[in-house]
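First comes the structure, then the notes that go with it.
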Amino acid sequence: MERIISLPEYEAQTAQSRDKRMAWWREARFGLFVHYGVYAALGRAEWAMAFENWPIEEYEKLADHFAPRKGCAEEWAKLAKSAGMKYMVLTTRHHEGFSLWDSQVNPYNSVNYGPHRDIVREFVDACRKYGLGIGFYSSLMDWHHPDAKISATDSEARRRFNEYIDGLNRELLTNYGKIDILWFDVPEPMKSAEGWNSLERNQKMRALQPDIIINNRSRLDEDFGTPEEHITADKRDWESCMTFNGMSWGYVDSEQAAKYSLNAHAILRMLCKVSSSGGNLLLNIGPAVDGSIPAEAIEPLTTVGRWLQANGESVYGKMDRDRLDCSLCNGLCDTTVKGNTVYIWNWIWPKDGALVLGGFTSRLLRAHILGSEDDLQFTQEKYRILLRGLSERSPGIAGVTVMALEFENKPEFVAFAAIPQLNDGKIY
Ligand code: GLC
């Protein structure tokens, strides 16, 4: 490895290669997060070891109950593919400190315990088989390592612990071919990038994988932001990670949790929100201890995949950040924008065969429903567009229909055009 460069130099260098490295990711929009580890044996989410105060030696034994069935990684990849997702991120080692690969630096791993198999290898093979981008989640916090906690105050322990973290990530980025994403998490107990040697480590990791994309959780900004459990646009590249039940990432063994799970409609609302503001959605599943996908995730995700087959152009690819920035039709529709086309995502279908959109100042050339080649009839007067002749019920899968409106030029919009008290005169 060449010499370690300073932070400003490093940031300039990574910024320069960013467009090229991130081109695929910026168009991919939708990925699957997989939280899988020993915690699945308890079925009380991924923080059980900490919240339930498990002594390390006792928790360690649970690893023998970790029992991924053969082919489970392929089941995840198959589901991701059929959901229209473009990449997967696996928790290769979560905070509990259990490595899902044949690690030489961490003997607490899935080859020495439980299945005696390299689950990371199976995951990588499955991603490649289904043409999915490959992401490695890698916790910085480690509840199992004896130096982790004291490394906040003891510099010798910190040196050893950082070396251990280097070793883990070096293995991950050396032994499995090309890896697309390195997804760090929870940089505790050190409170600074210096404490974690992040500048040095991340440079070393990039030397191993020159095209890799790194998230912002090693106390350096790196390539993309990671809003967690909320979808909030950022000026930089960003990816919202969301749980399936609104509560936890790791498996929860409870019918009640299953009931709180997302349906296809809710997932589509998330996808609309990220697509309209230039972000990605990393949606999580927490497989059971045998690696099986919680049943409640399968139907909604495959429905979303069918929906994306018809409506993908309103989601994938280079979307313009939605300057319209406003819900149309009383919030009954939302929009995404690509070039001269506005995609109207309809959530509540009109009863009388007509949909009115107010505020557009650009001339509409053509309107059609995605998935159908037939043009929609429309009239346009001043600010109002009236789409007519709509079917009685929403024709869209999961009741979500997208209408593509192609304008003469980049679509412009005036909010509340006819109402002087509300019209701020701005053209959006
Ligand atoms: C949090 C949690 C962790 C989860 C992660 C996902 O930082 O500690 O359990 O893996 O978020 O973003």
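Of the peptides 126-136, 260-270, 3-13, the order by per-residue mean of other Cβ atoms within 10 Å, starting with the highest, comes out as 126-136, 260-270, 3-13. Compared with the rule-of-thumb size 2.2 N^0.38 Å for a compact globular protein, region 87-199 has a Cα radius of gyration ratio of 1.07. Label reach from Asp125 (point 7 Å along Cα→C-beta): in region 53-77, amide nitrogens under 16 Å belong to 68-77. Remark: Ser138, Ser254 ranked as Ser254, Ser138, counting other beta-carbon atoms within 10 Å and listing the fewest first.
For region 79-93, the residues whose backbone nitrogen is under 14 Å from a point 7 Å from the Cα of Leu208, taken along Cα to Cβ, are 92-93. Each label was represented as a point 7 Å from its Cα along the Cα-to-Cβ direction; for Arg321 and Glu406 these points are 2.8 nm apart. For region 1-76, the Kirkwood hydrodynamic radius comes to 16.9 Å, computed from all pairs of different C-alpha atoms.
For the pair Asn330 and Gln13, the difference between a 0.36 nm per residue extended length and the Cα-Cα distance amounts to 109.6 nm. The length gained by stretching the chain between Ala258 and Ile150 to full extension, at 0.36 nm per residue less their Cα-Cα distance, is 35.0 nm. In whole angstrom, region 146-203 maps to an equivalent ellipsoid with semi-axes of 22, 12, 9, each derived as √(5λ) from the alpha carbon gyration tensor and ordered largest first.
Note on region 119-170: Rg/Rh from C-alpha atoms, Kirkwood Rh, equals 1.18.
Highest mean packing first, where packing is the average number of other Cβ atoms within 10 Å per residue, the peptides 382-389, 28-35, 419-426 line up as 28-35, 382-389, 419-426. Over region 42-81, the pair-distance histogram of Cα-Cα distances with 10 Å bins from zero comes to 23, 38, 27, 12 percent, rounded to whole numbers.
Placing unit charges on C-beta atoms (Lys and Arg positive, Asp and Glu negative, everything else neutral), compute the dipole magnitude of the chain about its Cα centre in debye, rounded to 20.
Numbers: 49 positive and 59 negative charges, 229 e Å.
Magnitude of the dipole: close to 1100 debye.
Of the residues Leu370, Ala67, Thr243, the one whose Cα sits farthest towards the positive end of the charge dipole of the chain is Leu370 (charges of +1 on Lys and Arg Cβ, -1 on Asp and Glu Cβ, taken about the Cα centre). Using equal-weight Cα scatterers in the Debye expression, the normalised intensity of region 328-422 in log10 at q = 0.21 Å⁻¹ is -1.09. Set Lys and Arg Cβ to +1 and Asp and Glu Cβ to -1, take the dipole of region 238-323 about its Cα centre, and tell me which of Val304, Leu283, Met270 lies farthest positive. The one lying farthest along the dipole's positive direction is Met270. Remark: region 238-325 is approximated by an ellipsoid whose semi-axes, taken from the C-alpha gyration tensor as √(5λ), come to 27, 14, 11 Å, largest first. Hey, in the GNM for the chain with a 10 angstrom Cα cutoff, which one of Trp101, Trp196, Trp24 fluctuates hardest? Top of the fluctuation ranking is Trp24.
More than 34 Å apart: what percent of Cα pairs in the chain qualify? Result: 37 percent of Cα pairs exceed 34 Å.
Applying 0.36 nm per residue to the separation of Arg69 and Asp234 and subtracting their alpha-carbon distance, the gain on full extension is 55.4 nm.
Can you find, among Cys329, Gly97, Met22, the residue sitting farthest towards the positive end of the charge dipole of the chain, where Lys and Arg contribute +1 and Asp and Glu -1 at Cβ? Going by the charge dipole, the pick is Cys329.
Taking a straight line from the alpha carbon of Lys382, these lysines sit under 26 Å away, with near neighbours fewer than eight places off in the same chain left out: Lys338, Lys351, Lys410, Lys426. Here the contact order of region 7-314, divided by its residue count and restricted to Cα pairs under 8 Å and six or more residues apart, works out to 25 percent.
Kindly provide the trypsin sites (Lys or Arg not before Pro) of region 216-259 that DSSP labels as loop, not H, G, I, E or B, and whose Cβ sees at most 10 other Cβ atoms within 10 Å. Walk me through the intermediate numbers first.
On the way: sites: Arg217, Arg219, Lys235, Arg236, Lys259; in loops: Arg217, Arg219, Lys235, Arg236.
The qualifying sites are Lys235.
Shown is the FRET efficiency for Asn340 and Asn53, computed with R0 = 51 Å from the Cβ-Cβ distance and rounded to the nearest 0.05: 0.30.
Applying a 10 Å radius around every beta-carbon, put 115-125, 182-192 in order of their mean neighbour count, most first.
On the way: 115-125: 20.2, 182-192: 18.1.
Ranking, from highest mean packing down: 115-125, 182-192.
Where a number appears in this text, it was derived from the coordinates with a stated rule and is not lab data. This is a predicted model, so every value here is computed, not measured. We place every Cβ from the backbone using ideal geometry, glycine too, and count neighbours over all the protein chains shown.
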